[in-house]
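Below: one structure, written as structure tokens.
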Amino acid sequence: MAGPRGDTRGIVEAQELFARVHFRRREPAPALRPYLEHYWLIDWDLTQPYATHVVPHPSVNVVLQQYGDEAAWGEVAGVGLSLFTQKLEGRGRVCGVQFRPGGFRPFAPLRPVSDWTGQRVPVADVLPGADPETIRGILGPGTPGTPRTKGTSKAEEASEAAAEDARVAALDAFLLGLEPEADPQSLRAMRLVDLVRTDRTILRVAELAAAEGVSVRSLQRLFASYVGVGPKWVILRYRIHEALERAELAGGLDWAELAAELGYSDQAHLVRDFTATVGVPPTAYARPAP
């Protein structure tokens with residue numbers, strides 16, 4: 001793995017978010033990389049509330065968070081089926097773990113990942129050892145807020161960097177302590193989802209099943225147990241992620257051409273999916289603000 005992903009796929013109006021919060025991704029320890037996409041860290045100190053929106057990946061996340069002076073807490077967020085919206089205000093901090101699609105089951109092997117789909121469950125109910133003290137230790141001491149990036153001394157910058165490194169090390173220690181065991185079916189599910197994400201010629205479940213040499217039904221069972229959603233849902237979600245990113249980055253996008261490129265039967269079908277998922281039509285989303 002060359003490093004954390006640098007794309008903004010799934011983040012609605014990513015540049016608006018990045019202008020308001022301090023967002024970064026960090027790599028986990030080498031032994032965890034087969035299972036994890038990355039850690040994602042957010043700090044903020046806002047004078048006005050801001051709502052962030054995310055079109056979820058087919059991934060389970062562990063989210064440890066603290067808002068202002070409130071007690072720190074954590075949850076396991078199963079694959080989100082709809083647009084996720086979170087209101088941020090005041091000061092806060094989040095340390096998140098994004099698992100690879102198919103990579104969470106080795107950490108919670110007793111239940112299929114579909115049990116967590118669409119759910120947000122206290123982390124201690126799913127992962128042993130995730131007690132309040134552990135969560136506080138990972139998030140770090142003091143009132144959370146956006147680290148200063150301008151006008152700080154080298155000593156202050158070094159202190160902030162060391163505190164962030166300590167949070168990453170604490171996340172590593174917690175997850176390694178769960179002793180995930182390699183599961184061939186988990187590895188298979190991760191490989192197949194990655195194939196869908198990277199091979200844009202795979203546009204239908206039957207094509208993925210044929211490439212793997214299994215029946216559609218077997219593929220559906222594998223995805224339910226290890227990913228949490230079906231292969232059709234994964235294919236459609238990655239289409240919307242690509243359309244969302246292209247809408248944000250490209251001006252004058254030809255939506256009919258993009259619809260054909262993503263395997264839609266026509267532009268209207270893409271518009272329906274995009275609107276249902278993101279909440280606005282693609283042309284309205286891509287239109288520059290006045």
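Summary table below
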{"read-out": "Net lengthening on full extension, residue 81/residue 161 (0.36 nm per residue, minus Cα-Cα)", "value": "25.3 nm"}
{"read-out": "Solution diffusion estimate, µm²/s, Stokes-Einstein, segment 164-229, Kirkwood Rh from C-alpha pairs, 4 °C, viscosity 1.567 mPa s", "value": "94 µm²/s"}
{"read-out": "Among 72-84, 197-209, the order from most to least packed when residues are scored by Cβ within 10 Å on average", "value": "72-84, 197-209"}
{"read-out": "At R0 = 22 Å, FRET efficiency that the Cβ-Cβ distance of residue 195 and residue 249 yields, to 0.05", "value": "0.35"}
{"read-out": "Leading residue at positive end of dipole, the chain (Cβ point charges), from 279, 123, 213", "value": "213"}
{"read-out": "Binned Cα-Cα distance frequencies in segment 19-115 - 5 Å width, integer %", "value": "3, 12, 20, 24, 19, 13, 7, 2, 0"}
{"read-out": "The chain: proportion of alpha-carbon pairs further apart than 36 angstrom, %", "value": "18 percent"}
{"read-out": "Test item: Cα-centred dipole of segment 208-290, Lys/Arg +1 and Asp/Glu -1 on Cβ, debye", "value": "400 debye"}
{"read-out": "Cubic angstrom per residue, convex hull over Cα atoms of segment 3-65", "value": "104 Å³"}
{"read-out": "Extension reserve of the residue 19-residue 48 stretch, reckoned as 0.36 nm per residue once the Cα distance is removed", "value": "9.1 nm"}
{"read-out": "Three semi-axes of the equivalent ellipsoid, segment 175-290, Cα gyration tensor, whole Å, largest first", "value": "31, 18, 11"}
{"read-out": "Average Cα contact separation per residue, the chain, under 8 Å, 6 or more apart, as relative contact order %", "value": "19 percent"}
{"read-out": "Distance in nm between pseudo-label sites at residue 211 and residue 169 (7 Å out along the Cβ direction from Cα)", "value": "4.1 nm"}
{"read-out": "Positive-end residue of 141, 223, 48, charge dipole of the chain with Cβ unit charges", "value": "223"}
{"read-out": "Apportionment of accessible area to carbon and sulfur, segment 171-250, percent (1.4 Å)", "value": "54 percent"}
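The values are calculated or read from the model by the stated rules, or taken from the named source; none is laboratory data. Model, not experiment: these values are computed from the prediction. Here the Cβ is made from the backbone with ideal geometry for all residues, glycine too, and neighbour counts use every protein chain on show. Ligands, DNA and RNA are stripped out before the accessible areas are found, and what is left, the full protein with its side chains, is counted by its heavy atoms. Shrake-Rupley method; radii C 1.70, N 1.55, O 1.52, S 1.80 Å.
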